[in-house]
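Right, one structure below, let's go through it.
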Amino acid sequence: MRIFLLFISIILFAGCAGLPPGKAPSGPIVSSKLAKKEYSWIGAKNYMLTSLSMFCLQNFPEGAGLNVDFKNLNKKIKSNSLDVLCAVRNSVPIHVAKVSDAAYRVNSEINKKNIWSMRLTDLKTNKVVWLERVKIKGE
C-alpha cells in the first residue's frame, strides 16, 4: 500500500512540475470554429466520410435503411457520393433500402460555386437530420 501511495504521489508531482510558471491564460485556448478551406476530392470524401460515419454511429447503432437519391448527378459527384456511402457501410450497419422500407433518404449535390453537399432526411418527418457542405478546389 505504501508503494502504491508513493507511486501516485510521484505521478502527481511529475504532472504538476511540468506546468509552466505564471498565471493561466484567459479565454479559450483553442478556437471553437473550424477554419473554412477548400478540399481536394480525396480530402472532401474523407471529410464527408468522417462526418457521416460519426453521425450514423451515434444515431443508428442498430442500423438503418437508407433510400439513395443520386439521380441527376454527373459521374464524378455520383461516384464520390457512392464511395462515401460504401465506406460508411463498412463501419456502420446501414443498408440501402426501397423508399417503402427506408427510414431516411440520402441526397448529394454540387452547386455552381463548387460546394458539395450531402444530407440525410428523415422520411417520416421530412426534416434534414444530417447535412455537410464542403468546398472543392477548382480543377
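The values are calculated or read from the model by the stated rules, or taken from the named source; none is laboratory data. None of these values were measured; they are calculated from a predicted model. These accessible areas exclude ligands, DNA and RNA; they are computed on the full protein's heavy atoms, side chains included. Shrake-Rupley method; radii C 1.70, N 1.55, O 1.52, S 1.80 Å.
Kindly provide the helix-only [θ] at 222 nm of the chain, computed as the sum of -39,500 (n - 2.57) over DSSP H runs of four or more divided by all residues, to the nearest 500 deg cm²/dmol? Write down the numbers at each step before the final one.
Values: 3 runs with 50 residues, N = 139.
It lands at -12000 deg cm²/dmol.
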(message) Using each residue's phi in region 58-69, evaluate 6.51 cos²θ - 1.76 cosθ + 1.60 at θ = phi - 60° and report the 3J(HN,Hα) Karplus result to the nearest Hz, with x for Gly and Pro.
(response) 6, 9, 10, x, 9, x, 7, x, 10, 8, 8, 10
(message) Tell me the angle of helix 2-17 to the major Cα principal axis of the chain, expressed in degrees between 0 and 90 and rounded to the nearest ten.
(response) 70
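As an exercise, take the mean of 1/r over every pair of distinct alpha carbons in region 17-139, invert it, and state the Kirkwood radius in angstroms. Spell out each step's value before the answer.
Numbers: mean 1/r = 0.0614 Å⁻¹.
So the Kirkwood estimate lands at 16.3 Å.
At a 1.4 Å probe radius, which order do Ile115, Ile94 fall into by accessible area, largest first?
Working: Ile115 50, Ile94 15 Å².
Largest accessible area first, the list is Ile115, Ile94.
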(message) Exceeding 22 Å between C-alpha atoms, which entries from my cross-link table qualify? They are Lys76/Lys98; Lys45/Lys76; Lys76/Lys124.
(response) Lys76/Lys98; Lys76/Lys124
(request) Please give the solvent-accessible surface of Asp83 in Å², to the nearest 10, using a probe radius of 1.4 Å with every protein chain present. (result) 70
(message) Angle check, please: helix 75-89 long axis (alpha carbons) against the longest principal axis of the chain (alpha carbons), in degrees 0 to 90, nearest 10.
(response) 50
